[in-house]
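One structure is given below, encoded as structure tokens.
The values are calculated or read from the model by the stated rules, or taken from the named source; none is laboratory data. Quantities reported herein were computed from a predicted structural model and do not represent experimental measurements. We place every Cβ from the backbone using ideal geometry, glycine too, and count neighbours over all the protein chains shown.
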Amino acid sequence: MLDSSSIVGTDINLDLNIGNYLMTGIMAGGFLSASDNDLITTVTVGATGKYHFLDDGQTPFSLYVGGDLGLAYCSTDLDDVYALVLGARLGFDYFLTENVALDTAIDFHVATDDIYTDDQDGLTNTDATFKVGLAFFF
């Protein structure tokens, strides 16, 4: 994501996930998330998982719930902070082809320290986002 007119200047976010299906509908893996703006730079790594409902291979839609557990490193002008991050996700995949899906999700994360920017030009320990991306299945 790139937002050039956010309240904290240019806001850049990148989320990468990789996983393996342990059985039909259950995926476990890892993630790397990086974000940068005029106020804070954050890098988070950790474990992720999700459970697909309606994963019958017959419908193009697949609803899922997921979760994250990670460690974040945050750098500001004043201080560097490490925080534990716990997240929950509700989303769905719309399969464009057999191996490519449009992925949309609502994510909610809670951290042990203030590592997320808020609308009041400050920092908070919670973050809620709506994400849209592509998922590739090999």
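Only one of these is of a type outside the set (S, T, N, Q), free of Cβ contacts under 8 Å to residues at least 24 places away in the same chain and under 16 Å from Leu16 (Cβ atoms): Gly66, Gly122, Gly70, Gly30. Name it. Walk me through how you get there before you give the answer.
Numbers: Gly66 fails: free of Cβ contacts under 8 Å to residues at least 24 places away in the same chain; Gly122 fails: under 16 Å from Leu16 (Cβ atoms); Gly70 fails: free of Cβ contacts under 8 Å to residues at least 24 places away in the same chain.
Of the residues listed, the single one that is of a type outside the set (S, T, N, Q), free of Cβ contacts under 8 Å to residues at least 24 places away in the same chain and under 16 Å from Leu16 (Cβ atoms) is Gly30.
Does any residue of segment 61-68 turn out to be over 16 Å from Ala128 (Cα atoms), more than 17 Å from the chain's Cα centre (by Cα) and loosely packed, with under 15 Cβ neighbours inside 10 Å? Break it down into steps so the answer makes sense when it comes.
Just the residues of segment 61-68 that are over 16 Å from Ala128 (Cα atoms), to begin with: 61-64.
Those left that are additionally more than 17 Å from the chain's Cα centre (by Cα): 61-62.
From what's left, loosely packed, with under 15 Cβ neighbours inside 10 Å: 61.
There is at least one residue in segment 61-68 that is over 16 Å from Ala128 (Cα atoms), more than 17 Å from the chain's Cα centre (by Cα) and loosely packed, with under 15 Cβ neighbours inside 10 Å.
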**OP:** Tell me, yes or no, whether segment 75-90 has at least one residue that is among the charged types (D, E, K, R), under 18 Å from the mean Cα position of the chain (by Cα) and over 18 Å from Asn13 (Cα atoms).
**Re:** no
**OP:** With the condition kept exactly as written, say whether any residue in segment 110-120 is modelled with pLDDT of 90 or more, touching a Leu at 6+ places or on another chain (Cβ under 9 Å) and crowded, with 18+ Cβ neighbours inside 10 Å.
**Re:** no
